Every structure is written in structure tokens, then in C-alpha cells.
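Visitor: First, the structure itself, so that you have it in front of you.
Read the figures in this text as sums done on the coordinates, not as results from a lab. The structure presented is a predicted model; accordingly, all values stated were derived computationally and were not measured. We place every Cβ from the backbone using ideal geometry, glycine too, and count neighbours over all the protein chains shown.
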Ligand code: B1M
């Protein structure tokens, strides 16, 4: 197996120490940081996303894999930045106003980072106006809204309404969370809905025009 294939396997298995060691070995061997991300780390997270969708693994395993990737990215990010390499797409994520649940939102955020998106995380209890300002400021390709409470679904609807009213032609809106359904997404005019973190990566890729 090549070092890159080993790295993919280490991320997928959530082996943090091996992931960091293999990333360092690849750098020492002269591999380009962007190749390490695209051909080593991202495929590892893609494996994890698929396993999660098929209920072969659960939230803890996924968090462990995401943390392994995060540690490796700490080594790579300064090198990518100094080479002027920026992620192609910027996505914004937050939990809607009135809602403090952030475990699912953080998971989506990690998976999106793992898929190579630049993620701006607005946190929890995010007002509709804050989403709009952030989407404009960061020229977001996607704004992601998470809600866990049935009582905060109206805030999600209002946020979608305000984002649409702001007229951001290049910004797609994606929603998710335990009480959210495709029917609700259609009803409030969101561009995408995902039931879980693996699907959230596929849908985000589709929304920016990259095949899933
Ligand atoms: Co809360 N809570 N909670 N809670 N809590 C629920 C959601 C609840 C279902 C529990 C219950 O009663 N059975 C219930 C909601 C009922 C309802 O609305 N019908 C509830 C309630 C009522 C409350 C309070 C009102 C309780 C109270 O104070 N009386 C209160 C509300 C506070 C507030 O937000 N204003 C409250 C508080 C809390 C804690 C602070 C204690 C804690 C949150 C800690 C935290 O997030 N940092 C908490 C927790 C942990 C839960 C449960 C137990 C677990 C939620 C969770 O993290 N799941 C939950 C019951 C349950 O779900 N079993 C419950 C794991 C997480 C990975 O899943 O977030 O669904 P989830 O994310 C998934 C998908 O939904 C999807 O992908 C993720 C990964 O697969 N997804 C997206 C999520 N966001 C997405 C965005 C996308 C795409 C997909 O695109 C952008």
C-alpha cells in the first residue's frame, strides 16, 4: 500500500496518531499538501460518510475520524495557506435562533471541512439577519441551517425567507436536523435537505455543481 492509501485507511479508522504520522511522512517524502488532502484525507472522510449513511458506524466513530483529520489539517493548513491554496467553496453553518443544540451541526461542519469546503461556523442561536450578513460577507456558496426543536422550525423558515429576500443568486440554502424533512424543505423553499452528515456532504457537492 502507498502512504496515501495508508493515510486514507488511518483517517477512516479514526487513528489520530497514525494519521498525523503518515501526513508528516508524506510531507517529508515531498508530497504536495493539496495532494495529501485530496488523495489521502478527503477519501478517508468519504469512506466514513458512506458508513454512517448505511448505519455501519455511529456518531462517536465519526467524531473520532473527523478529529484525526483535524489534527492532520493543523500540519497542512499553514503550508496550504503559504502556497496560496484556498478551498474552492465557502459554506456557512449555524443552528437557528432559539436553538442551542450543536452536536449535529458540529458534525456536519467537520464533514464539510473533511470534504474540502471552507466552513464558517456561526454557532448556535443564530438570528436570520446574522445568516444574511455572513452570507454576504463571505460570499457563501451554501448557507446551512440546523434545527433540533420543533419550536425553532419557524425560525428556520424565517431565515430562509430573509436569505431569499436578500437576493443572493450564488448562495444555496441547505437545512437539516432531527425534526426536519424533505417536505418541510420544499415547503419553505430551501434548496437542499440532508438527513445525516454523510448525505450532507453529497447534497452540498450537488448544490455547488460538483458531482457527488
Ligand atoms: Co435537547 N431536545 N433540549 N438538549 N436534546 C431534543 C432535541 C429532544 C428531541 C429530546 C426529547 O424530548 N426527546 C427535545 C426536542 C423535542 C421537540 O422539539 N419536539 C429536546 C428539548 C425539548 C430540549 C429542551 C427544550 C429541554 C428543556 O430545557 N426543557 C432544551 C432546549 C434548549 C435550546 O435549544 N433552547 C434542550 C437542551 C438540550 C441540551 C443542552 C441538554 C443538549 C444539547 C447539547 C448540545 O447540543 N451541545 C440536548 C440534547 C443532547 C438532546 C438530544 C438528547 C440529542 C441531540 C443530539 O445531539 N443528537 C435530543 C434527543 C435525541 O435526538 N435523541 C434532544 C445527536 C446529533 C448527531 O444528531 O443533531 O439530529 P442531530 O444531527 C444529525 C441530523 O439531524 C443531521 O445530521 C446530524 C448527523 O447525522 N443534521 C443536519 C443536523 N443538522 C443538520 C444540518 C444540515 C444537514 C443535516 O444541513 C445544514
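Visitor: In nm, to one decimal, how far is the modelled label at residue 166 from the one at residue 178, with both set 7 Å along Cα→Cβ?
Guide: The modelled label-to-label distance comes out at 2.8 nm.
Visitor: Which order do 117, 58 fall in if you start with the one that has the fewest other Cβ atoms within 10 Å?
Guide: Exposure proxy ranking, most exposed first: 58, 117.
Visitor: Next question, about the same structure. Tell me the angle of helix 153-165 to the major Cα principal axis of the chain, expressed in degrees between 0 and 90 and rounded to the nearest ten.
Guide: Relative to the chain, helix 153-165 is tipped by roughly 90 degrees.
Visitor: As a test of the definition: which semi-axes, in Å, follow for the chain when you take the square root of five times each eigenvalue of its alpha carbon gyration tensor? Largest first, please.
Guide: 31, 18, 14
Visitor: Evaluate the relative contact order of the chain (contact order divided by residue number), counting alpha-carbon pairs under 8 angstrom at least 6 apart; express in whole percent.
Guide: Details: 366 pairs, mean separation 38.8, N = 212.
The normalised contact order for the chain reaches 18 percent.
Visitor: Relative contact order of region 90-207: what whole-number percent is it, with Cα pairs under 8 angstrom and at least 6 residues apart?
Guide: 28 percent
Visitor: So what's Rg/Rh here for region 2-82, counting alpha carbon atoms and using the Kirkwood radius for Rh? Let's see the in-between values first.
Guide: Numbers: Rg = 12.1 Å, Rh = 12.3 Å.
Taking Rh as the inverse mean 1/r over Cα pairs, Rg/Rh reads 0.98.
Visitor: May I ask you to work out the translational diffusion coefficient for region 90-207 at 10 °C, viscosity 1.306 mPa s, via Stokes-Einstein with Rh from the Kirkwood sum over Cα pairs, reported in whole µm²/s?
Guide: 118 µm²/s
Visitor: So what's region 95-161 giving for Rg/Rh, alpha carbon basis, Kirkwood Rh from the mean inverse pair distance?
Guide: 0.95
Visitor: Still on this structure: What is the distance in Å between the Cα centres of region 64-100 and region 111-156?
Guide: 15 Å
Visitor: Please rank 95, 28, 133, 171, fewest neighbouring Cβ atoms within 10 Å first, as an exposure proxy.
Guide: 28, 133, 171, 95
Visitor: With r defined as the distance between the Cβ atoms of residue 211 and residue 34 and R0 fixed at 25 Å, what FRET efficiency is calculated, to the nearest 0.05?
Guide: 0.80
Visitor: Relative to the longest principal Cα axis of the chain, at what angle does helix 42-53 sit, 0 to 90 degrees, rounded to 10?
Guide: Relative to the chain, helix 42-53 is tipped by roughly 50 degrees.
Visitor: Run lengths n ≥ 4 of DSSP H only: what is the helix-derived mean residue ellipticity at 222 nm for the chain, with -39500 (n - 2.57) per run over all residues, to the nearest 500?
Guide: The per-residue figure over the chain is -16500 deg cm²/dmol.
Visitor: Mind pulling the angle between the C-alpha long axis of helix 103-114 and the longest principal axis of the chain? Nearest 10 degrees, somewhere in 0 to 90.
Guide: Once rounded, the angle reads 50 degrees.
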